[in-house]
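Have a look at the structure below before the remarks.
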Amino acid sequence: MTRHAIIAFDPSADMSNLVVAVKNKLQDPGAVLITDFPIESDGATLVRFGAALGTLSTRDVTVPLNEWVQRVEALDNAVKEPGGYEVLSASSKLFPCHTDEFFERDPAQMVLQLSVRAAECGGGQTLLAFLNDIWTQLNADSIDILSQCEFPARFGSTPILVATDRGRRVRYNRGRLLQYELTENQMNAVEDLERAINVVKQCFLMRPGDCLVLNNWTVLHGRTDFAENSSRLLLRMRVLDVPIR
């Protein structure tokens with residue numbers, strides 16, 4: 001069953017209407033698929049839309065379309081960071097469900113992905129897992145452990161899960177997390193989290209002109225693998241903070 005909201009892009013409507021509609025869905029369900037979004041060589045409409053949502057991020061734009069927009073495609077050679085972590089977004093390999101910017105102290109609140117070219121083989125399907133769904137599948141001990149500010153990160157230590165009176169949040173990238181040594185209890189909790197993600201995740205194919213807008217604090221995303229020689233291309237942009245009216 002589809003959990004994300006779906007909105008059709010209307011080129012004749014004021015952009016502010018689309019911004020309000022997306023912001024209304026930011027907390028629940030936390031993911032919006034905008035169909036028929038303009039695909040442009042300079043990404044002008046995408047940038048204008050993102051800037052209307054909040055503060056655009058220039059972090060991690062390594063294969064740029066412009067200052068804010070990253071080209072996401074499988075590169076000929078594996079991209080590895082110091083320490084050996086492979087950047088899966090630059091490959092055709094399975095990229096399990098995760099949140100973006102695990103390594104940042106304050107991860108971007110929103111991620112936008114615009115499909116320019118789908119994988120010819122039918123692979124590269126989008127994976128989504130919603131935090132509230134995941135939470136219901138976790139055992140109580142795992143929630144307690146994952147909520148402790150004791151998981152290693154590049155900036156120090158962090159919890160994976162946070163629950164306050166303002167809602168729940170998640171920060172998770174298994175590949176990056178496993179670069180560090182975890183305790184047995186932490187590892188067991190991570191495995192329970194992976195199990196829960198696999199129970200609730202949904203899978204669908206983004207078509208050219210589909211723009212997926214995600215709350216990076218409450219929705220995990222990933223994709224299935226696809227053929228190495230595929231021309232699959234997404235444009236990605238991140239918004240640091242999204243004021244909610």
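When only residues in the stretch 16-61 that are over 23 Å from residue 208 (Cβ atoms) and polar (S, T, N, Q) count, which is modelled with the lowest pLDDT? My answer is 27.
Taking the stretch 169-187, which residues are surrounded by fewer than 15 Cβ atoms within 10 Å (Cβ to Cβ) and of a type outside the set (Gly, Ala, Ser)? Passing the criteria: 178, 180, 181, 183, 184, 185, 187. A single member of 2, 55, 45 is within 21 Å of the chain's Cα centre (by Cα), among the hydroxyl-bearing types (Ser, Thr, Tyr) and more than 22 Å from residue 221 (Cα to Cα), and it is 45. Taking the criterion of being under 18 Å from residue 22 (Cβ atoms) and either among the polar types (S, T, N, Q) or exposed (fewer than 15 other Cβ atoms within 10 Å of the Cβ) (or both), the residues of the stretch 52-74 that qualify are 55, 57. For the stretch 139-239, the strands (runs of 3 or more DSSP E) that sit wholly inside it and include 1 or more residues that are of a type outside the set (A, V, I, L, M), more than 25 Å from residue 113 (Cα to Cα) and at pLDDT 95 or above are 151-153, 156-158. For the stretch 48-90, residues that are in contact (Cβ under 8 Å) with a residue 60 or more places away in the chain and either more than 24 Å from residue 241 (Cβ to Cβ) or among the basic types (Lys, Arg) (or both) total 9. Looking only at residues that are free of Cβ contacts under 8 Å to residues at least 12 places away in the same chain and of a type in the set (Ser, Thr, Tyr) in the stretch 1-47, which one is surrounded by the most Cβ atoms within 10 Å (Cβ to Cβ)? So the residue we want is 45.
I'd like to check something: does the stretch 124-137 contain any residue that is over 21 Å from the mean Cα position of the chain (by Cα) and touching a residue at least 12 places away in the same chain (Cβ under 8 Å)? No - not one qualifying residue is present in the stretch 124-137. Against the condition outside any loop (DSSP other than H, G, I, E, B), small (Gly, Ala, Ser) and out of contact with any helix residue (DSSP H, G or I) (no Cβ under 9 Å at 6 or more places or on another chain), how does residue 89 come out, does it pass? Yes; evaluated as a whole, the condition is true for this residue. Checking the structure you have, find out if any residue of the stretch 108-120 is among the aliphatic types (A, V, I, L, M), under 18 Å from residue 190 (Cβ atoms) and touching a residue at least 40 places away in the same chain (Cβ under 8 Å). Checked against the condition, which is being among the aliphatic types (A, V, I, L, M), under 18 Å from residue 190 (Cβ atoms) and touching a residue at least 40 places away in the same chain (Cβ under 8 Å), the stretch 108-120 yields no hits at all.
Residues in the stretch 223-238 that are polar (S, T, N, Q) and in contact (Cβ under 8 Å) with a residue 60 or more places away in the chain: 224, 230, 231. The single condition from (1) more than 30 Å from residue 23 (Cβ to Cβ); (2) touching a residue at least 60 places away in the same chain (Cβ under 8 Å); (3) of a type outside the set (Gly, Ala, Ser) that residue 141 fails is (2).
Applying the criterion of being out of contact with any Asp or Glu (no Cβ under 7 Å at 6 or more places or on another chain) and under 10 Å from residue 196 (Cβ atoms) to the residues of the stretch 132-142, the residue that is surrounded by the most Cβ atoms within 10 Å (Cβ to Cβ) is 134.
The values are calculated or read from the model by the stated rules, or taken from the named source; none is laboratory data. Keep in mind that what you see is a predicted model, and the values were worked out from it rather than measured. Don't worry about glycine lacking a Cβ; one is built from the backbone with ideal geometry, like all the others, and counts go over all protein chains shown.
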